[in-house]
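The values are calculated or read from the model by the stated rules, or taken from the named source; none is laboratory data. What you see is a predicted model, and the numbers here were worked out from it, not measured in a lab. So basically every Cβ, Gly included, is an ideal-geometry build from the backbone, and we count neighbours across all protein chains shown. Ligands, DNA and RNA are stripped out before the accessible areas are found, and what is left, the full protein with its side chains, is counted by its heavy atoms. Shrake-Rupley method; radii C 1.70, N 1.55, O 1.52, S 1.80 Å.
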Amino acid sequence: MGTTTTAPTRPLRADAKRNYDAIVRVASEAFSANGTQTSLDDIACKAGVGPGTLYRHFPNRDCLIAAALHDSLGELERASEHLAASDDPGAALETWLFQLATHLRTYGGLPDSVAQAFRTESSPLRTSCVPLRTITATLLERAQQAGAVRADASAGDVFALISSLAWAADQRGDSDDDLRRMLALITTGLR
């Protein structure tokens, strides 16, 4: 359905750029306050644009969620570079899994949105999250090679476990300490 990009592909006119930026800012605030199922029409209204303007920039909800997450995804990817160079691959994997679970709790309902996006090949949210699965695979493989994690664990399984953990923590309103405790249960199983 429409474009799968999360950022403008060509320079926008000044007014279109203002509208784009306003929509992304308001969407991020709305998703933070009310979750990813927030009304897109409400977002458009609060951004001071009509629904048509919102849908011209973001043809579907996944496009808007991906755009709202763009900066935090970039930060997470940059943080993973340090972990990939760690002398302790097991600890690096555990750190990554906590960061990933925390990221998936950025917005209420985000774990559901990501799970749905991974069922649709063309989803821009899926496209923006693929690097997270790739990083998980890289760090898992390093931990396996170091003997810190069982060899039969797959990156897809680990990503699903962490997504499920983030979903459960999101549903229960768990704190970061609760998230760490539950993550310890998972990582114990991975050893």
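Points worth noting:
- For the stretch 86-167, applying the loop criterion from DSSP together with a ceiling of 14 other beta carbons within 10 Å to the trypsin sites (Lys or Arg not before Pro) yields 119, 150.
- Rounded to the nearest 20 debye, dipole of the stretch 51-165 from Cβ charges on Lys, Arg, Asp, Glu: 420
- Accessible area of residue 161 in the full protein assembly, 1.4 Å probe (Å², nearest 10): 80
- Computed P(r) (all Cα pairs; the stretch 68-191; 10 Å bins; percent): 13, 47, 35, 5
- Chain lengthening between residue 150 and residue 21 when straightened (0.36 nm per residue, less Cα-Cα): 42.0 nm
- Computed lengthening from residue 115 to residue 164, 0.36 nm per intervening residue step minus Cα-Cα distance: 16.7 nm
- When the GluC sites (Glu not before Pro) in the stretch 87-186 are filtered for DSSP coil states and for at most 15 other beta-carbon atoms within 10 Å of their beta-carbon, the remaining sites are 121.
- Contour excess over end-to-end distance, with Cα ends at residue 186 and residue 172 and 0.36 nm allotted per residue: 3.3 nm
- log₁₀ of I(q)/I(0) at q = 0.16 Å⁻¹ - the stretch 1-146, Debye sum with one point per alpha carbon: -0.85
- Per residue accessible area of the chain, 1.4 Å probe, in Å²: 51
- Exposure of residue 45 as accessible area (Å², to 10), given a probe of 1.4 Å and all protein chains: 100
- Once the C-beta distance of residue 78 and residue 45 is scaled by a Förster radius of 45 Å, the resulting FRET efficiency is 0.85 to the nearest 0.05.
- Probe 1.4 Å - accessible area at residue 186, Å² to nearest ten: 40
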